[in-house]
Each structure stands twice: as C-alpha cells, then as structure tokens.
Amino acid sequence: GEMGRALVDGGDKLFVNFGTDWKNVVIPGLDLLSTRDAKVNIHPLSEVVALKIIDGLNPVGFNYKEWPNESARFGFIAEDVPDEVASEDHKAIRPDSILTALTKVVQSQQLHIKHLEDRLLFLESTNT
C-alpha cells in the first residue's frame, strides 16, 4: 500500500512523513525563527570560522537513488560538510548556517575589495 502522509510531533522536532510518490516537498512561506527574543549567547561569526566553513563545502551534482532519471540536483553530501553546518548525525545540512557563513565571507570580501580599490586609486593618483 501507499505510505501515509502526516506531520508527526517528535517533541523538539517536527517530522514530515510523505509517500515516495512525492518527488518534492514544498513548504510555501517557510520562515525560520530568528528573533533575538528566542536566542542566547549571541556573538558575531568570525571571518576565520566562516571561511573555514565555506572552504569545507564541496558542491556536487547528483541524482537521488529513488529518482535516478530525474534532472540532476546540486547540493552537498551531509556526511562531508563541516560540523558547524551539519545535523548531529551528519545526515542532513543546515542551509541557514551555510547562508550565514556565506554572507560573512561575502561581506569580508567586499571590504577587502574596497580597500584594494582605495589603494589602487591612491597609487594611481600619486603616479600622475
């Protein structure tokens, strides 16, 4: 028979149980809880840690075993990602943590680019 479909309350986790005929699970309007009111020990993510996370990611193309003839997907292998962006069992990834690290790296690179542009303008102005 067909697997049942349900949301299962696992205490501190919500499990989505879906049949194998569902190729994708789409959750419109999914918002991640991010209010300061729900957080403790808030601290800036260092550039060093963010770069370590991004450098530790190996983007891959793949097909799911269940749908080998579908279009190729792109992503990461959970067992191979840094601990900071993996679930405890390394069977899933935390996309919000990857996005946070990526944001920090881009911000840092933009700052470095600005400093290099300023330096170049200064050098060009002194050589004329």
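The values are calculated or read from the model by the stated rules, or taken from the named source; none is laboratory data. Small disclaimer: the values here were computed from a predicted structure and weren't measured. Note that each Cβ is placed from the backbone with ideal geometry, even for glycine, and that neighbours are counted across all protein chains shown. When the accessible area is computed, the model is the full protein with side chains, heavy atoms only, and any ligands, DNA or RNA have been set aside. Shrake-Rupley method; radii C 1.70, N 1.55, O 1.52, S 1.80 Å.
First compute the accessible area of the chain with a 1.4 Å probe, then give the percent of it belonging to carbon and sulfur atoms.
57 percent
At 1.4 Å probe size, what's the solvent-accessible area of F122? Round to the nearest 10 Å².
Counting only protein heavy atoms, F122 exposes about 130 Å² to solvent.
Mind checking the angle between helix 95-126 and the chain's longest principal axis? C-alpha axes, 0 to 90 degrees, to the nearest 10.
10 degrees
For segment 51-67, take each phi angle, set θ = phi - 60°, evaluate the Karplus expression 6.51 cos²θ - 1.76 cosθ + 1.60, and give the result in whole Hz per residue in order, putting x for glycine and proline.
5, 4, 4, 5, 5, x, 8, 10, x, 9, x, 6, 10, 6, 4, 5, 10
Mind counting lysine pairs for me in the chain? Cα separation below 22 Å, and the two need to be 8 or more apart along the chain or on different chains.
9
Explain nothing, just the number: relative contact order of the chain, from Cα pairs under 8 Å at least 6 residues apart, as a whole percent. Walk me through the numbers on the way to the answer.
Details: 99 pairs, mean separation 20.5, N = 128.
Contact order relative to length: 16 percent.
Between Y64 and E84, what is the spin-label point distance in nm, taking each point 7 Å from the Cα along the Cα→C-beta axis?
2.9 nm
Using every pair of alpha-carbon atoms in the chain, split the distances into 5 Å bins beginning at 0 and state the percent of pairs per bin, rounded to integers.
2, 8, 10, 15, 17, 15, 11, 8, 5, 4, 3, 2, 1, 1, 0, 0, 0
Based on alpha-carbon centroids, what's the gap between segment 58-80 and segment 91-128 in Å, whole number please?
That distance is 30 Å.
What's the extension gain from Q109 to K52 if we count 0.36 nm per residue and subtract their Cα-Cα distance?
On the way: separation 57, 0.36 × 57 = 20.52 nm, distance 1.42 nm.
Contour length minus Cα-Cα distance gives 19.1 nm.
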